[in-house]
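Only one structure is covered here, and it is reproduced in the block below.
Laboratory data are not the source of any read-out in this text; all were calculated from the coordinates shown. Owing to the predicted nature of the structure, the values given are computational and were not obtained by experimental measurement. All Cβ positions, glycine included, derive from the backbone under ideal geometry; neighbour counts span all protein chains shown.
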Amino acid sequence: MKTKALEDESNNTRSTTVYYDEKQLVSYYTTSTSIIEVKTAYDRKIFNGLRSLPEDNNQSIVLPAVEISWFGVAKNYQAKHIGASMILDIFRTVIKMRHVFNIGLIGIVVSSLPDALEFYTHYNFRYLHYNYDEQAMMIPETYPLFVDIDSIVEIVGYLD
């Protein structure tokens, strides 16, 4: 992962933030610009609730977003609210991108491992493409999730 993160940094394709204590790696996250593709009826229902979309139901729609590519906390540092601090750091950065630097984006997208679903949904991330809770036979390796910019602003405003 270290080699990939360094390569992505030097190519300006992703940015990795790393947290250390005096002796070891504590946590890290990697972000980049990305897109959210609105491609299913489930997506249209969600995004029509957030923004008005074009009427053409057969056309895929692409919306700008920030992607969390990697997000991890060392085992011996888990359950100490470090992940919460990291996600709020990402949220604050995204708010600055949108409202200070005037960069258009709909929110944040992440591909969540099953064990991380509860963490992300705690911060208002929702499924993309399908409601996997209602699709009992559909168990993907990772779950596409997103949180919209309005929810991000609300969460940070509540905590600050």
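Overview of results
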read-out	value
Relative contact order %, the stretch 21-160, counting alpha carbon pairs below 8 Å whose residues are six or more apart	27 percent
Extension gain from Lys45 to Thr121, taking 0.36 nm per residue of separation minus the Cα-Cα distance	25.5 nm
Inter-site label distance for Met97 and Ser85 at 7 Å from Cα along Cβ, in nm	2.3 nm
Radius 14 Å from Cβ of Ile82, net charge of other residues (Lys, Arg +1; Asp, Glu -1)	0
Descending semi-axes in whole angstrom, ellipsoid equivalent of the stretch 22-160, from the Cα gyration tensor	27, 20, 12
Inverse of mean 1/r across different Cα pairs in the stretch 95-160, Kirkwood, Å	13.0 Å
Residue-count net charge about Ser27 - beta-carbon cut-off 13 Å; Lys, Arg +1, Asp, Glu -1	0
Residues whose placed amide H lies under 5 Å from that of Leu128, excluding near-sequence neighbours	Leu145, Phe146
Calculated FRET value between Lys75 and Asp133, using beta carbons and R₀ = 30 Å, to 0.05	0.60
Neighbour cut-off at most 16 other Cβ (10 Å), DSSP loop, GluC sites (Glu not before Pro), the stretch 112-158	Glu134, Glu141
